[in-house]
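**Student:** One structure coming up, written as structure tokens, with questions to follow.
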2 protein chains.
Amino acid sequence: MNPSALDSLIEALRCLPGVGPKSAQRMAYHLLQRDRSGAQRLGDAVQHALQAIRHCQRCNTFSEAEVCERCLSPRRDPSVLCVVETPVDMNMMEQTLSYQGLYYVLMGRISPLDGVGPRELGLDRLMARALDGVVKEVILATNYTNEGEATAHYITAMLKPKGVGVTRIARGVPVGGELEYVDSGTLAQALRERKSCSG
Amino acid sequence: MNPSALDSLIEALRCLPGVGPKSAQRMAYHLLQRDRSGAQRLGDAVQHALQAIRHCQRCNTFSEAEVCERCLSPRRDPSVLCVVETPVDMNMMEQTLSYQGLYYVLMGRISPLDGVGPRELGLDRLMARALDGVVKEVILATNYTNEGEATAHYITAMLKPKGVGVTRIARGVPVGGELEYVDSGTLAQALRERKSCSG
Ligand SMILES: [Zn+2]
Ligand SMILES: [Zn+2]
């Protein structure tokens with residue numbers, strides 16, 4: 001029924017998480033009918049981001065530079081490395097104003113059901129990063145979900161034998177909860193009460 | 001906190017209806033981290049649709065050609081013109097298999113709160129289309145919402161004095177309901193029971 005360029009747009013919008021056929025159609029109509037300049041900006045922004053965005057070689061978060069600003073900052077303590085699942089979680093940690101070390105962003109978690117194991121998560125790169133000789137403590141700030149816990153256990157087992165201190169943020173984060181939805185105070189306390197991980 | 005190309009993408013995604021800051025961020029991360037080929041297709045599809053899609057000069061729906069296939073079909077009855085709010089509503093009418101005439105797609109409705117009056121809706125173009133000398137009956141199939149009703153009343157007042165027959169699909173469509181969510185049977189009945197509009 002639709003012209004093919006419109007059907008292609010509707011189909012392409014479905015690659016966005018949480019967008020089904022009905023809302024993809026609504027979005028396409030909206031873009032073409034009510035917001036062509038917004039659509040132009042969207043098309044340009046997607047293309048530009050695909051070209052410009054890569055992963056920081058040190059912390060693995062999204063970055064336009066080879067090494068991101070935070071990793072290059074002389075004001076951060078390079079002897080502490082906080083491991084988080086996503087860039088959002090890293091921002092949550094920053095907002096506590098309680099952390100001055102560096103980060104490693106997993107960009108995911110171990111999730112056997114989704115086919116994501118230690119290899120797919122690239123934990124060998126975290127290993128290399130944590131064993132640079134400068135890092136003395138690795139703080140595991142993965143979520144307190146089943147998958148986040150499994151990821152923390154795996155990283156602990158991987159790093160403990162190498163003589164690096166491994167701690168876990170305290171279970172102030174509600175069980176089953178995700179860092180993204182926790183208030184800063186709770187998270188700051190969880191950070192203060194972090195405890196050594198038993199290998 | 002984010003690289004600027006990423007922030008631009010997040011901001012651009014917010015032009016999509018129903019997408020707030022959190023889901024825009026989630027979508028951007030998803031595209032860059034998990035579905036770069038989907039992102040590429042999305043960027044291309046937006047650009048291509050913006051170039052290829054215009055409005056049919058006769059029925060006003062989305063079209064790649066100046067005049068769409070349906071308007072050119074010799075099998076449709078050109079003496080009946082059904083006025084609908086959106087392309088989705090037109091598709092709903094088609095699915096009843098009860099209508100053989102042509103369409104005019106308003107691409108909206110009169111909505112004072114949104115600043116959409118008769119002028120913004122381009123009702124002058126509908127007027128020209130309905131008064132082509134071939135159209136004998138205009139069937140108003142706008143929604144039975146307050147705005148759809150107001151639109152139908154306005155079009156009736158506009159066309160009746162010109163001697164064109166104006167009918168309204170029956171109120172088989174639930175009051176306050178939208179065509180998009182009505183089953184084909186109900187809509188077919190509403191079409192059969194259409195009645196003449198009092199000017
Ligand atoms: Zn970095
Ligand atoms: Zn047409």
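**Student:** Could you say whether any residue in the stretch B:60-78 is within 14 Å of chain A (Cβ to nearest Cβ), in contact with a helix residue (DSSP H, G or I) (Cβ under 8 Å, 6 or more places away or on another chain) and in contact (Cβ under 8 Å) with a residue 60 or more places away in the chain?
**Tutor:** yes
**Student:** Hey, could you check the stretch B:31-65 for residues that are crowded, with 18+ Cβ neighbours inside 10 Å and among the hydroxyl-bearing types (Ser, Thr, Tyr) and say which is nearest to the chain's Cα centre (by Cα)?
**Tutor:** The qualifying residue nearest to the chain's Cα centre (by Cα) is B:Thr61.
**Student:** B:Leu6: within 18 Å of the chain's Cα centre (by Cα), of a type outside the set (S, T, N, Q), closer than 30 Å to A:Glu180 by Cα and not in a strand (DSSP E or B), yes or no?
**Tutor:** no
**Student:** Considering only the stretch B:76-93, how many residues are farther than 16 Å from B:Tyr181 by Cβ and open to solvent by 10 Å² or more (accessible area, probe 1.4 Å)?
**Tutor:** The number of residues fulfilling the criteria is 5.
**Student:** Please specify each residue of the stretch B:79-89 satisfying the condition of being facing chain A (nearest Cβ under 10 Å) and within 12 Å of ligand 2 (Cβ to nearest atom).
**Tutor:** Passing the criteria: only B:Pro87.
**Student:** Could I ask something else about it? Find all pairs meeting these conditions: Cβ atoms under 8 angstrom apart; at least six residues apart or on different chains; first residue within the stretch B:83-101 and of a type in the set (D, E, K, R); second residue in a strand (DSSP E or B).
**Tutor:** Once the first residue is of a type in the set (D, E, K, R) and sits in the stretch B:83-101, its partners that are in a strand (DSSP E or B) give B:Glu85/B:Val105; B:Asp89/B:Val105.
**Student:** Please tell me if A:Val116 is within 13 Å of chain B (Cβ to nearest Cβ), within 13 Å of ligand 1 (Cβ to nearest atom) and of a type in the set (Val, Ile, Thr).
**Tutor:** no
**Student:** Could you list, in sequence order, the residues of the stretch B:94-114 that are within 15 Å of B:Ile139 (Cα to Cα) and surrounded by fewer than 16 Cβ atoms within 10 Å (Cβ to Cβ)?
**Tutor:** Result: B:Glu94, B:Ser98, B:Gln100.
**Student:** How many residues are under 26 Å from A:Pro3 (Cβ atoms) and more than 7 Å from chain A (Cβ to nearest Cβ) when one looks only at the stretch B:32-56?
**Tutor:** 6
**Student:** Here's something else I'd like to know. (1) over 22 Å from A:Val164 (Cβ atoms); (2) buried (at least 19 other Cβ atoms within 10 Å of the Cβ); (3) away from ligand 1 (no atom under 13 Å from the Cβ): which one isn't true of A:Ala141, the others all being true?
**Tutor:** Against the list (1) over 22 Å from A:Val164 (Cβ atoms); (2) buried (at least 19 other Cβ atoms within 10 Å of the Cβ); (3) away from ligand 1 (no atom under 13 Å from the Cβ), A:Ala141 comes up short only on (1).
**Student:** Sticking with this one: Please identify the pairs in which a residue from the stretch B:103-131 that is in contact (Cβ under 8 Å) with a residue 12 or more places away in the chain has its Cβ atom under 6 Å from the Cβ atom of a residue that is exposed (fewer than 15 other Cβ atoms within 10 Å of the Cβ), counting only partners at least 6 apart or on another chain.
**Tutor:** B:Leu131/B:Lys162
**Student:** Moving to a separate point now. State whether the residues of the stretch A:22-36 include one that is within 18 Å of B:Arg34 (Cα to Cα) and part of a helix (DSSP H, G or I).
**Tutor:** Within the stretch A:22-36, not a single residue is within 18 Å of B:Arg34 (Cα to Cα) and part of a helix (DSSP H, G or I).
The values are calculated or read from the model by the stated rules, or taken from the named source; none is laboratory data. Since this is a predicted model, take the numbers as computed values, not measurements. So basically every Cβ, Gly included, is an ideal-geometry build from the backbone, and we count neighbours across all protein chains shown. Protein only, heavy atoms only, side chains kept; ligands, DNA and RNA dropped before computing areas. Shrake-Rupley method; radii C 1.70, N 1.55, O 1.52, S 1.80 Å.
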